[in-house]
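Working notes, beginning with the structure itself.
The values are calculated or read from the model by the stated rules, or taken from the named source; none is laboratory data. Predicted model only: the values in this text are computed from it and were never measured. Positions of Cβ are backbone-derived with ideal geometry, glycine not excepted, and every protein chain shown enters the neighbour counts. Side chains included, ligands, DNA and RNA excluded: accessible areas come from the protein's heavy atoms. Shrake-Rupley method; radii C 1.70, N 1.55, O 1.52, S 1.80 Å.
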Amino acid sequence: MAEIKGKSKKDNIYIGVLSTLGVILVILAVMYYMEHRDNKRYISEITTEKISLENELKLLSQDYDSLQTSNDTLNVQLKMEQEKINELLDRMKVFRNNSYFEINKYKKELGTLKGVLRDYIVQIDSLNTRNQLLTAENVRVKKQIDWVKDRNTKLEESTETMKEVISKAATLSLVDLACSPINRKGKEVKKISKTEKLVTNFTIQKNVTASTGVKALFVRITRPDEVVLGNPENLLFDFENTKLSYSATREIDYEGEQLDVAVFWDNDGSLIEGEYKVDVFAEGNHIGTAKFLLK
């Protein structure tokens, strides 16, 4: 009886130990499952963070690509930041240490790159604004220069016009120009055979603008066949960068007042019938022309 009781007591102890071990195993299994589940969720979260960081880096790289500037120094700096982004992406591709420490380190570097990008955007905006202002200023200055050039051109044209006006105003002018054949007694005749001289008469008009003093007048008489009646010495006078022959000349003392003038050409036997032309020149200017008939 005592043996039976002792054996029963041992069995109870054995059963209790087994039960305890069973409970411990169950607890361990539960703990393993929970830890495995948490670890799986942990790895999944880190993987998601990694993918998100990679996407942000790629977008950041595109943002750097989109920055445009004509500043060479800034372009070099932007290229260096691009290289940092590419280096960080390469490091993340081989990232195997599934820890938030590494993820947070990458996040910090990403934040730094974003901050640098914002600084560059501010600098480039400032440069672009300044360039726009400089461009606008250049356009304004160019317009002013063009305006000054145009004004100077107009002033030069106006000055030249004024010179021409003054020159014309100072040029001698004549009226009542006529040429007639006369005989030895100075009377007008109608036939060439009785003509001793050709007298050219005209009146120099009053001109307070013209210079005063001695002035040479040249009379050029052209026959119907375009031959110019010459002077005894075959002398020439200057007119418009050339030299012309003349028929007769006379000097006058001009004082700015109206003056009647007569210039004579001695008949040398070269007269023919037909319509003649007489031209008068003074100080390099053609001041009068008229026609007359000889029979």
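Tabulated results
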{"item": "Residue check, THR209 β-branched (Val, Ile, Thr), under 59 Å from the mean Cα position of the chain (by Cα) and outside any strand (DSSP E or B)", "result": "yes"}
{"item": "Extreme residue, modelled with the lowest pLDDT, among residues of region 155-203 that are among the acidic types (Asp, Glu) and more than 30 Å from PHE292 (Cβ to Cβ)", "result": "GLU164"}
{"item": "Hey, ASN231 more than 16 Å from VAL263 (Cβ to Cβ) and either in contact with a helix residue (DSSP H, G or I) (Cβ under 8 Å, 6 or more places away or on another chain) or modelled with pLDDT of 90 or more (or both) or not", "result": "no"}
{"item": "Yes/no for LEU127 being at pLDDT 70 or above and open to solvent by less than 40 Å² (accessible area, probe 1.4 Å)", "result": "no"}
